[in-house]
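Worksheet: the structure to be examined is printed underneath.
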Amino acid sequence: HGWNDNYVESATASFSLAPGDAGKTFILKDAAVTVTLPSLSDINAGYKVTLISGDDSEHILTGGASKIYGCAFDMTAGDDATAQLELTGHSTITPGAGMIIGSKYDIISDGTNWYVYIIAGAEVAGS
């Protein structure tokens, strides 16, 4: 199901990902965009998408009732302990001020949970 990593779409307003978005890359720009993950019951294991910041806005990722696991790296923190945030079953991922163009969210599901790996230009928090 979905695309084979060969589809790029711009997103300038908040939106919900759909099952058919699997394999797509979204460039988030022109304002802070909130992206809502699809319900796990609506997708197949292996569903993956990539989000890339096309501006310096604080783009938010929400899983609704689904849990998000993984790791976020703040590339501006250097060797500081705040450079890495372990995502341990959060429902929302929110970056701090100072995001940079090119910050990236790689998202995949095994059908039970979401796994997100973030390379950002700002500290990222989970809740």
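Counted over region 1-123, the DSSP beta bridges are approximately 50% antiparallel.
Hull volume per residue, based on the alpha-carbon atoms of the chain and their convex hull, is 88 Å³. Other residues whose C-beta falls under 15 angstrom from the C-beta of residue 113 contribute a net charge of -2, scoring Lys and Arg +1 and Asp and Glu -1. Put 21, 106, 42 in order of accessible area, highest first, and with a 1.4 Å probe you get 42, 106, 21.
The values are calculated or read from the model by the stated rules, or taken from the named source; none is laboratory data. Predicted model only: the values in this text are computed from it and were never measured. All Cβ positions, even for glycine, are placed from backbone atoms using ideal geometry, and neighbour counts span all protein chains on display. For accessibility, only protein heavy atoms count, side chains too; no ligands or nucleic acids. Shrake-Rupley method; radii C 1.70, N 1.55, O 1.52, S 1.80 Å.
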